[in-house]
Structure formats: C-alpha cells, structure tokens
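S.K.: First the structure, which I've put down as structure tokens, then a few questions once you've had a look.
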C-alpha cells in the first residue's frame, strides 16, 4: 500500500470491533465484576463453575470474540484496523488459553 493512501473499511475491520467486545466482556474495573459476568447473570447463566469460584466461564466466552478477530484480521490484512485487531487478539488469546488450561489441570 502506498504512503498517503487510506485503508478501506472491510471485513478485516470487524476484527477491531470484536477485539473491543472481547475486552469489554472479560475485564472488570475497580471493585465491580466483569461486564461479561453481568451479562451472563442477566441471561440466567453462572459466570463461575462453582458458585463464585472455580473456572471463570467469562474468560472462555471472551475467547469467542478474540478468536474470530484473529482470523478476520489475518485473512483481510489490508482493511482498516485488521492488523491491530489481529495482533491484540493474539495477545489476549494466549493468556486466556493459559488460564483455561491451568484451571482444568
């Protein structure tokens, strides 16, 4: 891509949007629970496998946002935000998978 030429919004741009949803779903601020926990409780699902302890399902559900963001960002590299969405999703997926495997073992 030539310098000064703007990248177009396309399917790869969705990776940035999915990344933002995954971050909002999985992180908590201050002393509040994660936004994903609130959504899961609203839907009648428990965010934890054992009451308020155990495997945190919110981490697994956030991977549902990060993995497609990684795939879309990789497939449509030339779109606006695709590279950032891909790289940041990869950074988020690695600790998420480590936490899930650690909780299982």
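Every number in this text was worked out from the coordinates using simple rules, so none of it is lab data. The structure presented is a predicted model; accordingly, all values stated were derived computationally and were not measured. Cβ: placed from backbone, ideal geometry, glycine included. Neighbour counts: every protein chain shown.
S.K.: Which residue fluctuates the most in the chain, going by a Gaussian network model with Cα springs under 10 Å, if the choices are 85, 36, 51?
M.R.: Comparing 85, 36, 51 in the GNM, the peak value goes to 51.
S.K.: So, one more: On a 0 to 90 degree scale, rounded to 10, what angle separates helix 57-75 from the longest Cα axis of the chain?
M.R.: 10 degrees
S.K.: By how many degrees, 0 to 90 and rounded to 10, does the Cα axis of helix 14-26 deviate from the longest principal axis of the chain?
M.R.: 20 degrees
S.K.: What is the angle, in °, between the Cα long axis of helix 82-104 and the longest principal axis of the Cα atoms in the chain? Nearest 10 is fine, range 0 to 90.
M.R.: 20 degrees
S.K.: Cut-off 10 angstrom, C-alpha nodes, Gaussian network model of the chain. Which of 54, 81, 73 fluctuates the most?
M.R.: Of 54, 81, 73, the Gaussian network model singles out 54 as fluctuating most.
S.K.: So for 74, 56, fewest C-beta neighbours within 10 Å to most, what's the order? Let's see the in-between values first.
M.R.: Values: 74 17, 56 20.
In order of increasing Cβ crowding within 10 Å: 74, 56.
S.K.: So I have (i) 22.1; (ii) 14.7; (iii) 16.2, and one of them is Kirkwood radius over Cα pairs in Å calculated from this model. Which one is it?
M.R.: (ii)
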